[in-house]
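Down below is the structure, laid out as structure tokens.
The values are calculated or read from the model by the stated rules, or taken from the named source; none is laboratory data. Just so it is clear, the model here is predicted, and its values are computed rather than measured. Reconstructed Cβ throughout: ideal geometry from the backbone, glycine too, with neighbour counts over all protein chains shown. Just the protein is used for accessible areas: all its heavy atoms, side chains included, with ligands, DNA and RNA removed. Shrake-Rupley method; radii C 1.70, N 1.55, O 1.52, S 1.80 Å.
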Amino acid sequence: MSEKKAQLTIDGIDKTIVLPVYEGSTGPDVVDVRSLVGEGVFTYDPGFVSTAACDSEITYIDGGAGILLYRGYPIEQLAEHSTFLETCYLLLNGELPTEEENADFENGIRYHTMVDEQIHQFFKGFPRTAHPMAMLCGVVGALSAFYHDTLDADLPEHRMTAAHRVIAKMPTLAAMCYKHGVGQPFMYPQNDMTLSENFLHMMFSTPCEAPKVSPTLVKAMDTIFLLHADHEQNASTSTVRLAGSTGANPYACIASGIAALWGPAHGGANEAVLEMLDEIGDESRIEEYILKAKDKSDPFRLMGFGHRVYKNFDPRAKVMRGICDEVLAELGIENDPLFRIARKLEKIALEDEYFISKKLYPNVDFYSGIVLKAMGIPTSLFTVIFATGRTPGWIAHWNEMMSSEYKIGRPRQLYKGYTARDYPAK
Ligand code: ACO
């Protein structure tokens, strides 16, 4: 029971309302406002910036201190010692797997990497010019048409099978989105490969040749997936939870998360970084763009700098920076004009008083955009890669919600429209 209390007095309500205050294991306390509806008032919080909509034990962020923990483990440690798949297990189950559990989990995922052959027909119905996110959103929602056997969200074993399926199939579908766009045959997954190696194989092999994927690139891909695996109650995860609160099936919920991620304000930032680097075009123009970014009358912002939550540094960006160096060196393209612009921009912004005083550091998207571009992944696929990485987070939050007591999500409003009026007489 909560010992802490908050008191609220509202003009027009002739009493002090006492509200319980709860403490989490760390982070800000929350004031329980659920009784307010009974008093005839709502709270007002557009964008839910001050509202905790659920209890969760999955991910913790302290933006001021630059901390991101998955199930208590710092993201830097997971990036160094874990793999994307092991991190998926951790997010879903709450603990790191034993060796045996890990082997079982990996086998379980391998077993589900193929998609029903009918899914190929879905892709064939899309124009070649379709945006990869449009295809991904559609085909992931369509998975619910194929897996009727495990759609009972009240059964833990059904939830786990759905979780395994969606984590396993997402890389396959992501690669299919690419192959369809470039008019190449779909490549079947190779289950003797790791998840990230398999993904790069399905992306870049053809039936005519299967280039050997370098371990540095596999590691980079795996780290990008791992760093994006969860980020607490962000817009797409909250969308998954809201859809899930109606009892919607897991594939429909994940499709709704993909739709929310598609927005440029959420998943589209690394794409915007590459567009900006292309627009700058030459090192001689960097200064001009720095001045534009600092000019209050110019809406331009340096893409890949600053973060809504991380106000000192983005811990994922530190990891990604190292990966970026390794990938550019491995591919021998440090001197490619685009990457030289990126490096110079990073250096100038890190030394510039405007960026230092506003705590605007390169974020994870700045480096992941560069790495993905260097690996030969087209910018239109960047958000699909983000979605593939974020899938375990979405499904872990959906599973957490479905395993606990939850209410259908139903926000309120401050109504400012007409009050009742009569339909005009004719
Ligand atoms: N370039 C230039 N100036 C900037 C930038 C930038 N990238 N970001 C913030 N500022 C300035 C603002 O103009 C503002 O200046 P002021 O105090 O003089 O008015 C100040 O820094 C604070 O900016 P806010 O907009 O209040 O910061 P907020 O937390 O709201 O925004 C955001 C964060 C949206 C990420 C912003 O930094 C931005 O637009 N960055 C570029 C886009 C980007 O990289 N987005 C990806 C984020 S990472 C992710 O989603 C995974």
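Cβ separations smaller than 9 Å between residues 6+ apart or across chains give the following pairs from the range 58-81 residues that are over 11 Å from residue 232 (Cβ atoms) to residues that are assigned to a loop (DSSP other than H, G, I, E, B) and among the basic types (Lys, Arg): 64/311; 66/311.
Within the range 84-100, no residue that is without any contact (Cβ under 8 Å) to a residue 60 or more places away in the chain and basic (Lys, Arg) sits with its Cβ atom under 6 Å from a residue that is open to solvent by 20 Å² or more (accessible area, probe 1.4 Å) and outside any helix (DSSP H, G or I) at 6+ positions apart or across chains. Among the criteria (1) free of Cβ contacts under 8 Å to residues at least 40 places away in the same chain; (2) open to solvent by 10 Å² or more (accessible area, probe 1.4 Å); (3) of a type in the set (A, V, I, L, M), the one residue 142 does not fulfil is (1).
Examine the range 163-180 for a residue that is among the basic types (Lys, Arg), at pLDDT 95 or above and out of contact with any Ser or Thr (no Cβ under 8 Å at 6 or more places or on another chain), and state whether such a residue exists.
First, pick out the residues of the range 163-180 that are among the basic types (Lys, Arg): 165, 169, 179.
Then drop every residue that is not at pLDDT 95 or above, which leaves 165, 169, 179.
Add one more test, that the residue is out of contact with any Ser or Thr (no Cβ under 8 Å at 6 or more places or on another chain), and what stays is 179.
Yes, the conditions are met somewhere in the range 163-180.
Here residue 215 meets the list (1) under 21 Å from residue 261 (Cα atoms); (2) surrounded by fewer than 20 Cβ atoms within 10 Å (Cβ to Cβ) almost entirely, failing just condition (1). Listed conditions (1) open to solvent by less than 10 Å² (accessible area, probe 1.4 Å); (2) more than 26 Å from residue 201 (Cβ to Cβ) are all met by residue 123, apart from (2).
Annotation note: Cβ proximity below 8 Å between a residue of the range 258-271 that is within 9 Å of the ligand (Cβ to nearest atom) and a residue that is of a type in the set (A, V, I, L, M) and not in a helix (DSSP H, G or I) (sequence gap 6+ or interchain) occurs for 269/303. Taking each residue of the range 397-426 that is within 21 Å of residue 33 (Cβ to Cβ) and of a type in the set (A, V, I, L, M) and looking for partners that are open to solvent by less than 70 Å² (accessible area, probe 1.4 Å) and modelled with pLDDT of 95 or more with beta-carbon atoms closer than 6 Å, six or more apart or interchain, yields 401/241; 401/244; 408/245.
Kindly evaluate residue 45 against the criterion of being over 26 Å from residue 392 (Cα atoms) and either charged (D, E, K, R) or more than 25 Å from the chain's Cα centre (by Cα) (or both). Yes.
Among residues that are of a type in the set (D, E, K, R) and surrounded by fewer than 19 Cβ atoms within 10 Å (Cβ to Cβ), residue 271 is not included.
Let's see how each residue does on (1) assigned to a loop (DSSP other than H, G, I, E, B); (2) within 30 Å of residue 308 (Cα to Cα); (3) out of contact with any Cys (no Cβ under 8 Å at 6 or more places or on another chain):
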residue: 160; (1), (2), (3): no, no, yes
residue: 211; (1), (2), (3): yes, no, yes
residue: 219; (1), (2), (3): no, yes, yes
residue: 225; (1), (2), (3): no, yes, yes
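May I ask you to list the residues in the range 251-274 that are over 17 Å from residue 366 (Cα atoms) and assigned to a loop (DSSP other than H, G, I, E, B)? Hit for the range 251-274 is 263, nothing else. Of the helices (runs of 4 or more DSSP H) entirely within the range 275-372, those holding at least 2 residues that are crowded, with 17+ Cβ neighbours inside 10 Å and within 12 Å of the ligand (Cβ to nearest atom) occupy 286-294, 315-331, 337-351. In this structure, does residue 380 turn out to be within 14 Å of residue 270 (Cβ to Cβ), more than 10 Å from the ligand (Cβ to nearest atom) and open to solvent by 20 Å² or more (accessible area, probe 1.4 Å)? Considered against the rule, which asks whether it is within 14 Å of residue 270 (Cβ to Cβ), more than 10 Å from the ligand (Cβ to nearest atom) and open to solvent by 20 Å² or more (accessible area, probe 1.4 Å), residue 380 comes out as yes.
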